[in-house]
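Enquirer: Got a structure for you, questions after.
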Amino acid sequence: MADGLRPDLAVIARAVEAGSRVLDIGCGDGALMAELVKSRDADARGLEINPQQVERCVARGLSVVQGDANTDLVNYPDNAFDYAILSQTLQTAERPDRMLDELLRVGNKAFVSFPNFAHWRTRAALMFGGRMPVTRALPVSWYATDNIHHVTVDDFRELAREKTARIEDQWFFANEKQISATAANWRAEFAVFELSR
């Protein structure tokens, strides 16, 4: 299962229970949705801002609508899904704190993955080079990035605490391999959290 998926998407695909109702917010090309439908018999829906990506998803037979997560999640009813998924998108949200509230309102549980801006390579680029880093997890220059909020593992844990969200599980990755939670704030290139209320 989950062959060819990014590591964060693969771990989410393995964690979603069979037969679940899923909303993939910022679903991109629909790779995770397709995997969930195939391997988990999920009722997977998607919300994507990019019209070309929406077309690709629909051409694959996936149920995706064009919309902006910053404004359009309010149109979904409370607890409409078993899982709301936000992968590599939180840092691009206008208000990540409000986005987390919406995820936990429309989904009984939420998966959130994001690049960790406290990773040691990012810190080293700033400290020794004095410039915004370009790394595997942050592959474009500062002026071309969609990232508007630089979140770290510890920042996200604090946000979850402030929002009274329970961290059900967490996974951390470096060099596209899963690593332990030990010192994840500086060791992990990106993180995945499973949350509930």
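What follows is calculated from the coordinates using simple rules that are stated; it is not laboratory data. All values reported here derive from a predicted model rather than from experimental measurement. With ideal geometry, Cβ positions are generated from the backbone for all residues, glycine too; neighbour counts draw on all protein chains shown.
Enquirer: Residues of segment 116-127 being farther than 15 Å from Q88 by Cα and either in a strand (DSSP E or B) or touching a residue at least 24 places away in the same chain (Cβ under 8 Å) (or both), which ones?
Expert: Within segment 116-127, A118, H119, W120, R121, R123 qualify.
Enquirer: In segment 11-28, what residues are in contact with a helix residue (DSSP H, G or I) (Cβ under 8 Å, 6 or more places away or on another chain) and either free of Cβ contacts under 8 Å to residues at least 12 places away in the same chain or buried (at least 16 other Cβ atoms within 10 Å of the Cβ) (or both)?
Expert: I12, A13, V16, S20, V22, L23, D24, I25, G26, C27, G28
Enquirer: Sort out for me the strands (runs of 3 or more DSSP E) sitting completely within segment 147-197 that have 2 or more residues that are of a type in the set (F, W, Y), closer than 15 Å to F114 by Cα and in contact (Cβ under 8 Å) with a residue 24 or more places away in the chain.
Expert: Where strands (runs of 3 or more DSSP E) fall fully within segment 147-197 and carry at least 2 residues being of a type in the set (F, W, Y), closer than 15 Å to F114 by Cα and in contact (Cβ under 8 Å) with a residue 24 or more places away in the chain, they are 166-174, 190-196.
Enquirer: Check E48 against each of (1) over 25 Å from F172 (Cβ atoms); (2) more than 18 Å from the chain's Cα centre (by Cα) and name the one condition it does not meet.
Expert: (2)
Enquirer: Would you be able to tell me the number of residues in segment 159-180 that are under 26 Å from R98 (Cα atoms) and aliphatic (A, V, I, L, M)?
Expert: Number of matching residues: 4.
Enquirer: I would also like to ask the following. Regarding segment 97-115, can at least one residue be identified that is in a loop (DSSP other than H, G, I, E, B), touching a Pro at 6+ places or on another chain (Cβ under 9 Å) and either touching a residue at least 12 places away in the same chain (Cβ under 8 Å) or more than 30 Å from T135 (Cα to Cα) (or both)?
Expert: For segment 97-115, residues in a loop (DSSP other than H, G, I, E, B), touching a Pro at 6+ places or on another chain (Cβ under 9 Å) and either touching a residue at least 12 places away in the same chain (Cβ under 8 Å) or more than 30 Å from T135 (Cα to Cα) (or both): absent.
Enquirer: Let me ask you something else. Go through the residues of segment 136-145 one by one and say whether even a single one is within 21 Å of D72 (Cβ to Cβ) and buried (at least 21 other Cβ atoms within 10 Å of the Cβ).
Expert: Checking segment 136-145: not a single residue is within 21 Å of D72 (Cβ to Cβ) and buried (at least 21 other Cβ atoms within 10 Å of the Cβ).
Enquirer: May I pose another question? Collect the residues in segment 27-48 that are touching a strand residue (DSSP E or B) at 6+ places or on another chain (Cβ under 8 Å) and of a type in the set (D, E, K, R), keeping them in residue-number order.
Expert: D43, R45, E48
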